[in-house]
Amino acid sequence: MQRFPATRSTLNATIILFAAAVPTFTLAQQAPSDAWQFEATPYLWAAGMSGWSRIGARTPTSNVDVSFSDVWRALNFGAMGTFEARKGRWGIIVDGVYVKLSDTSDPLLNGQLGTVRLKMTQTIFQAAGAYRVLDSPVTPIDVLAGVRYTYLHGDLSYSGGPLLPNGASRNNSTDWTDGFIGLRAAYAFSDKWSVFGYADAGTGGTKHSWQLIAGADYNFTKTIAAKVGYRILSMDYEKPNFLYNMKTEGFFAGVSFKF
């Protein structure tokens, strides 16, 4: 196996930029009501990544360690957001993410293989049902169950060099679906400030996946709030032609609109 440092010019550091952004649950703390309540939250996750990745059965497995700045420089386009609907103790949470990235490596093997251009797209969609087991405006607690779908597509283009005079190209795509269960809780210090925590664990398409979230809310008004915190997401997907064993973590921030 080969090891690559965390620089933008390293091809294999870019390979794992699939998950530059992944969904963040809106962690609403409204007290249950018989009327429908809705919350929409666009957000940004400033995440770095570490782990192992491989595209193709014959491609070397790469040890990866990249910062958010590496991810940001490779980002072409990204869109993400969460929507939650709640009535009484029951809630539905839907999240969608689309990310497009590209990067070019430094010359490989001192130029013997030329450079490599990588293009990546990622789509993540997840939906969960929530039930409020502790009905409290100060310390609400929800249990969740849902599914998380991930689709990844990558294109590699070798420019060519003495060892590869005609260049080469390779593309591959994969997808998987995990079922997961989770728990989230919050504590309200006042009408303005509250803190929250979230944890889930899943399996199915991956060998296993899990995530942890901790953060704080600040209510500007009854309908607009800011969310900040820290999140860790780990996924271990292993197939003969694709490896994605990665932990993604970093700070996130978003603005929620309640109606």
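Bear in mind that the values in this text are calculations on the coordinates, not laboratory data. Quick caveat: nothing in here was measured; it's all calculated off a predicted structure. Don't worry about glycine lacking a Cβ; one is built from the backbone with ideal geometry, like all the others, and counts go over all protein chains shown.
Table for the structure above
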item: Loop-located trypsin sites (Lys or Arg not before Pro) in the range 167-248 whose Cβ has at most 14 other Cβ within 10 Å (DSSP); result: Lys192, Lys207, Lys222
item: Contour minus Cα-Cα distance for Asp191 and Lys207 (0.36 nm per residue); result: 1.6 nm
item: Cα→Cβ-extended label distance, 7 Å offset, between Thr177 and Ala145, nm; result: 1.6 nm
item: Whichever aspartates and glutamates have a C-alpha closer than 12 Å to that of Lys192, once near sequence neighbours (fewer than 8 apart) are set aside; result: Asp217
item: Nearest-0.05 FRET efficiency for Phe251 and Lys87, computed from C-beta distance (R0 35 Å); result: 0.65
item: Paramagnetic reach from Leu44 (point 7 Å along Cα→Cβ, amide N under 11 Å) across the range 64-96; result: 72
item: Cα gyration tensor shape of the range 172-259, rounded if a/c is under 1.5, else prolate or oblate by comparing a/b with b/c; result: prolate
item: Estimated distance in nm for a label pair at Ala214 and Ala226, the labels positioned 7 Å out from Cα along Cα-to-Cβ; result: 2.1 nm
